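Everything on this sheet refers to the single structure shown next.
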Amino acid sequence: MPELRLLHADHAPAVLAFEVANRAYFAASVSDRGDDYFDRFAGHYRALLAEQEAGTCAFYVLVGDDGSVLGRFNLYDLSDGTAVLGYRVAQRVAGRGVATTTVRELCRPAAAEHGLRTLRAAAADENVASTRVLVKAGFVPVGPAEPGGKPGTWYRRDLQDLSADHAGLRRGPGGA
């Protein structure tokens, strides 16, 4: 069973493999990270870990039984009880409810461990799958957005209804 884990230095090779294997798939619905991201991955990865250590972001990976990364689920701009959610899942698990289940599960540690009361996420109108994930995970539309310069919508999920209970969220070593 996949495990949601807080990003750690040891995840770097699996994260890079995930990004490389799914680059074209991701670029079909969100802006491509560009060659620089891949050419300078180690530096970008260290910067993510530094942001996480500073408490401005919390980065999670969904790790499969084989150690591969199945998805990334990120909380950006943590401030005043609010954060922006971003996520991407591997093409090989897309359409199976992995993103929806994991976004729902991430709401618990977002509230209990990061002190968040509200999550926001933007989805391009043309990214129907992402919109579906957000709605199924309890997010509601709150206004226009331009993710990646494309017309879209901001969504919001209030977390006050979540307890500190982490039932249903399976996390392994290095988990939050």
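Comparison of 108, 117 shows that the only residue that is more than 16 Å from the chain's Cα centre (by Cα) and of a type in the set (Lys, Arg) is 117. Residue 72 meets each of the listed conditions (1) in contact (Cβ under 8 Å) with a residue 40 or more places away in the chain; (2) surrounded by fewer than 20 Cβ atoms within 10 Å (Cβ to Cβ); (3) within 17 Å of residue 134 (Cβ to Cβ) apart from (2). Taking first residues from the range 35-61 that are farther than 17 Å from residue 23 by Cα and partners that are among the aliphatic types (A, V, I, L, M) and in a helix (DSSP H, G or I), the Cβ contacts under 6 Å between residues at least 6 apart in sequence or on separate chains come to 59/48. Scanning the range 19-52 for residues that are closer than 19 Å to residue 84 by Cβ and modelled with pLDDT of 95 or more returns 44, 47, 48, 49, 50, 51, 52. Restricting attention to the range 70-92, does a residue exist that is in contact with a strand residue (DSSP E or B) (Cβ under 8 Å, 6 or more places away or on another chain), at pLDDT below 95 and small (Gly, Ala, Ser)? No, the range 70-92 contains no residue that is in contact with a strand residue (DSSP E or B) (Cβ under 8 Å, 6 or more places away or on another chain), at pLDDT below 95 and small (Gly, Ala, Ser). The test for being of a type outside the set (Lys, Arg) and over 18 Å from residue 5 (Cβ atoms) does not hold for residue 74.
Being free of Cβ contacts under 8 Å to residues at least 40 places away in the same chain and either crowded, with 18+ Cβ neighbours inside 10 Å or aromatic (Phe, Trp, Tyr) (or both) is the filter here, so list the residues in the range 75-84 that pass it. Of everything in the range 75-84, those that are free of Cβ contacts under 8 Å to residues at least 40 places away in the same chain and either crowded, with 18+ Cβ neighbours inside 10 Å or aromatic (Phe, Trp, Tyr) (or both) turn out to be 76, 78, 83. With respect to the conditions (1) closer than 19 Å to residue 116 by Cα; (2) within 16 Å of the chain's Cα centre (by Cα); (3) acidic (Asp, Glu), residue 19 falls short on a single one, namely (1). Checked against the criteria, residue 48 counts as over 21 Å from residue 149 (Cβ atoms) and under 15 Å from the mean Cα position of the chain (by Cα). Taken over the range 91-109, the criterion of being touching a helix residue (DSSP H, G or I) at 6+ places or on another chain (Cβ under 6 Å), under 16 Å from residue 74 (Cβ atoms) and surrounded by fewer than 21 Cβ atoms within 10 Å (Cβ to Cβ) is satisfied by no residue. Take residue 34 and tell me if it is surrounded by fewer than 17 Cβ atoms within 10 Å (Cβ to Cβ), in contact with a strand residue (DSSP E or B) (Cβ under 7 Å, 6 or more places away or on another chain) and at positive phi. Against the criterion (surrounded by fewer than 17 Cβ atoms within 10 Å (Cβ to Cβ), in contact with a strand residue (DSSP E or B) (Cβ under 7 Å, 6 or more places away or on another chain) and at positive phi), residue 34 does not qualify.
The values are calculated or read from the model by the stated rules, or taken from the named source; none is laboratory data. Bear in mind that the values here come from a model prediction, so they are computed numbers and not experimental data. Because the Cβ atoms are built from the backbone with ideal geometry, glycine has one as well, and the counts that use them run over all protein chains shown.
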